[in-house]
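See structure below.
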Amino acid sequence: MQFFENVGNIITKYWPYFLKGLGLTMLIALIGTVIGLLIGLLTGIIRTIPLSKKKVVYYIQKTVNVIIAIYVEVFRGTPMMVQAMVIYWGYAFMNGGNTLPLIPAGIFIVSINTGAYMAEIVRGGIISIDKGQFEGAYSVGMTHWQAMIHVIIPQVLRNILPSISNEFVINIKDTSVLNVIGVMELYYMASKVQSMTWKIFETYLIICVMYFIMTYSITRLLRLCEKKLAGKNSYTICGSQSDPSAEIHVKEAE
Amino acid sequence: MENKSTQTVVELCHLEKSFGDHEVLKDINLSVHKGEVISVIGSSGSGKSTMLRCINLLEIPTGGKIYYEGTDIESKEIKLTSYRAKVEMVFQQFNLFNNMTALDNCVKPQMIVLKRTREEAERIALEYIEKVGMSAYRNAKPSQLSGGQKQRIAIARALSMNPDVILFDEPTSALDPEMVGEVLEVMKSLAKAGYTMIVVTHEMGFAREVSDRVIFMDGGYIVEEGTPEEIFSSPKMERTKEFLSRVL
Amino acid sequence: MKRILALILTAVLLVGCLASCGGRDKVDLSSATNLDDLKGATIAAQTGTFHLEALEGQTEGVTVKEYPDFDQLLVALNNGAIDGYVAEEPTAYAVIAQNADLAYIALKNNDTGFTATDADTGIAVAFKTGSAYVATVNTILAGISEQTRAALMQQAVALSVDPDTVSNDAPVLVSSNTNTSNGTLKIAMECAYKPFNWSQTTSANGAVKIQGSDLYANGYDVQIAKYIAAELGMALEIHAVEWDSLITGLEAGTYDGIIAGMSPTADREEVVDFTDCYYNSNLVIIYKKSN
């Protein structure tokens, strides 16, 4: 059939471009998600620091919290495509026409955008942790920072992992909006191939399949991680130091 | 009880705490001596737990002072975190770290707060886990333990920090009746070993048998204090009598 | 039971949708020669262009449709959603060269076809407002004769069919100046508008490497850009930029000029300066031949 022939021809001729686009899409989505998560964790920790009694510190904390709140609201409340245009061309206007290098610019835009969402996800994760976990940590003498790093964040990460993988999948798809500033990710490559071949349906069908394979395998992979992080549901009763066979393996009831 | 010193470890002076308009503590004065076991009894809402939480600074007092070995704990001369490490707390809801095994619950705080090495911390932790009879379960996660087992690990965690004072906030109230015994046994052995303990409890038997001093609180005040004999056999105040007649 | 009901409902909805799409009566435009012959047909044009403006203002009895992208017009025509669409004559050449079952009505501007001025259908080079390049480039453009322009366009159309295959024909427009000591001339275009500018995978037929990309640009605009740069004694740098960002980037100073098949409309004149037109084209209607 003519259609499959067309698809075959496009793939044979342009596969390096699709592959490059795919690589860049994955790179931007992955780094963007990781940096976004770090931003989320940092803002989450800062926002949950108990307010100080000292006036100066108190006002600094309040100001920082307001800045974080504005950041979250602005970046959550505007489309990433618009942010990309504003940041990329805004920088060019302020710097005499010099534009940001495209790949770092793409990563930056995805990161701060994801960061805004992650901030809320992490905040929700921290709120959902039992207050007793904080009190337990404080009562043994941990600082807020230590309590967060050693006790709270590990539990938060486990709880929000489904949301993180969701953000990652969203990012894989949403990097496509970066084509407006010319980042050569998968969608951009497809639009270029499409302009060369004038085979709009065939070209976009190819990347449609590519996007799906990416997101589907990522979802599976992260589901596996979730299971791993949930930990073994069995443990060992240590019977004797010298005789390992005396150990009793206990499985937790589901 | 053998050689109790008269050295004061913790002292509360005119301690007050209110949540908004609601006054929970209204002038609490108390000296805790080294090696002393104090039981705090009283009906719900009398301010017992709040007093304990104020001593650990989980609640910030709204009036009065708390002295630790003569130093105001809210002053700059003492670091909040090192003070808390000295005055450990055992909670009604255990508050074990859910992301760590029983052993790590006792090891990590030592490493983080006291900067002990893993080996040293593990040695100390295992010693106390043994003491509370939980050696076999050291690799279990909190979610895999029963209430009584969790509370024993929580006690081992507190002991591992080598504290000067241990605060018990209704340690048996969240337990099934058949598990209360195992936790009280551990606490009795600690009392015998000479630990300084403040125990908020509804277990009158424990208060009577183990404590050096019993404090009865009501309406945000310490209404009466004395030896177990004095409080339980010949209470002076009418409110104490009334309370004891209800619970005994 | 519920599931079966849902499935049936979905099927009904789908069939309904498909039925509502396919019901259009197609109009054969093969015998049309002027605007009046378009009556009753469904004709499309690209959003935001003079093409659409002309289609709406200068025809009667035509169902007008608009699409945001040039490529979508072609898809719409191929799948029968429209009877024809407005395009510039060179584009029509290029499209027909690659689609054997398409043809176009060779309308002549201000005659059988649309009423239009040079600013409407001509294309010019854009520079930043007040740029000294405008006058110099006008002199250079004046040196390219009408015949050369036609020949250059003919060559561009021929090359656009299979851009990566090396052609034996000599390039039509070559500057004699090879000195590039006057710096670099940065020119922006879409690199996606055959036969004016397109992307290809090799440097065949004098294509120029696109800045920061593995692709090469070629076409009528690229050859003009090469000529202008050479005449100015400058090296050429091609930037591939989305259509909507072209003028923004020029204002920001990211590149020096736009050579992108852009018409010098009044709106654009307000923000940038245009040179004289370097090509004038007729607006024509591309349609599908009936079997």
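The values are calculated or read from the model by the stated rules, or taken from the named source; none is laboratory data. As the structure is a computational prediction, the values presented were derived from the model and not from experiment. Reconstructed Cβ throughout: ideal geometry from the backbone, glycine too, with neighbour counts over all protein chains shown. The area values use the complete protein model at the heavy-atom level, side chains included, leaving out ligands, DNA and RNA. Shrake-Rupley method; radii C 1.70, N 1.55, O 1.52, S 1.80 Å.
Assess whether C:Ser20 counts as being loosely packed, with under 13 Cβ neighbours inside 10 Å, within 19 Å of C:Asn282 (Cβ to Cβ) and modelled with pLDDT under 90.
Judged against the criteria, C:Ser20 is not a match.
If only residues of the range A:135-190 that are open to solvent by less than 20 Å² (accessible area, probe 1.4 Å) and small (Gly, Ala, Ser) are counted, the one that is farthest from the other protein chains (Cβ to nearest Cβ) is A:Ser165. Within the range C:74-99, residues that are more than 17 Å from C:Tyr279 (Cβ to Cβ) sit with their Cβ atoms under 7 Å from residues that are among the aromatic types (Phe, Trp, Tyr), at 6+ positions apart or across chains, in these pairs: C:Leu74/A:Trp198; C:Val75/A:Phe201; C:Ala76/C:Tyr67; C:Leu77/C:Tyr85; C:Asp83/C:Tyr287; C:Gly84/C:Tyr287; C:Ile96/C:Tyr104; C:Gln98/A:Trp198. Filtered by the rule that a residue be more than 11 Å from chain A (Cβ to nearest Cβ) and either open to solvent by 20 Å² or more (accessible area, probe 1.4 Å) or hydroxyl-bearing (Ser, Thr, Tyr) (or both), the range B:131-146 gives B:Lys131, B:Gly133, B:Ser146. You will find that of A:Leu24, A:Leu38, the residue that is modelled with pLDDT of 95 or more, over 30 Å from C:Thr254 (Cα atoms) and either part of a helix (DSSP H, G or I) or open to solvent by less than 30 Å² (accessible area, probe 1.4 Å) (or both) is A:Leu38 and no other. Within the range C:73-93, being in contact with a helix residue (DSSP H, G or I) (Cβ under 7 Å, 6 or more places away or on another chain) and within 11 Å of another protein chain (Cβ to nearest Cβ) holds for C:Leu74, C:Val75. Restricting C:Ala266, C:Ala235 to residues that are modelled with pLDDT of 95 or more, surrounded by fewer than 22 Cβ atoms within 10 Å (Cβ to Cβ) and farther than 30 Å from C:Ala100 by Cα narrows the list to C:Ala235.
A single entry from C:Ser199, C:Ser203 fulfils the requirement of being closer than 21 Å to A:Pro16 by Cβ and within 12 Å of another protein chain (Cβ to nearest Cβ): C:Ser199.
Evaluated against (1) buried (at least 23 other Cβ atoms within 10 Å of the Cβ); (2) within 13 Å of another protein chain (Cβ to nearest Cβ); (3) at pLDDT 95 or above, C:Glu190 falls short on exactly one condition, (3).
Yes or no: B:Lys108 within 9 Å of chain A (Cβ to nearest Cβ), without any contact (Cβ under 8 Å) to a residue 24 or more places away in the chain and open to solvent by 50 Å² or more (accessible area, probe 1.4 Å)? Quick ask: steps written out before the conclusion?
Details: within 9 Å of chain A (Cβ to nearest Cβ): yes; without any contact (Cβ under 8 Å) to a residue 24 or more places away in the chain: yes; open to solvent by 50 Å² or more (accessible area, probe 1.4 Å): yes.
The answer is yes for B:Lys108.
The set of residues in the range B:157-203 that are closer than 22 Å to B:Ser82 by Cβ, open to solvent by 10 Å² or more (accessible area, probe 1.4 Å) and outside any loop (DSSP other than H, G, I, E, B) contains only B:Asp169. Within the range A:88-125, restricting attention to residues that are more than 14 Å from every other protein chain (Cβ to nearest Cβ) and open to solvent by 70 Å² or more (accessible area, probe 1.4 Å), the residue that is farthest from A:Gln155 (Cα to Cα) is A:Phe108. Which one is farthest from the other protein chains (Cβ to nearest Cβ) among residues in the range B:66-104 that are in contact with an Asp or Glu (Cβ under 8 Å, 6 or more places away or on another chain) and in a helix (DSSP H, G or I)? Step by step, filter the range B:66-104, then rank; the result is B:Leu103. Residues of the range B:55-65 that are free of Cβ contacts under 8 Å to residues at least 40 places away in the same chain and either more than 8 Å from chain A (Cβ to nearest Cβ) or touching a Gly at 6+ places or on another chain (Cβ under 9 Å) (or both): B:Leu57 alone.
Restricting attention to the range C:201-226, the residues that are more than 17 Å from C:Asp169 (Cβ to Cβ) and among the hydrophobic types (A, V, I, L, M, F, W, C) total 6.
Is it the case that C:Lys128 is more than 30 Å from A:Val193 (Cα to Cα), within 14 Å of another protein chain (Cβ to nearest Cβ), touching a residue at least 60 places away in the same chain (Cβ under 8 Å) and not polar (S, T, N, Q)? So C:Lys128 passes the test.
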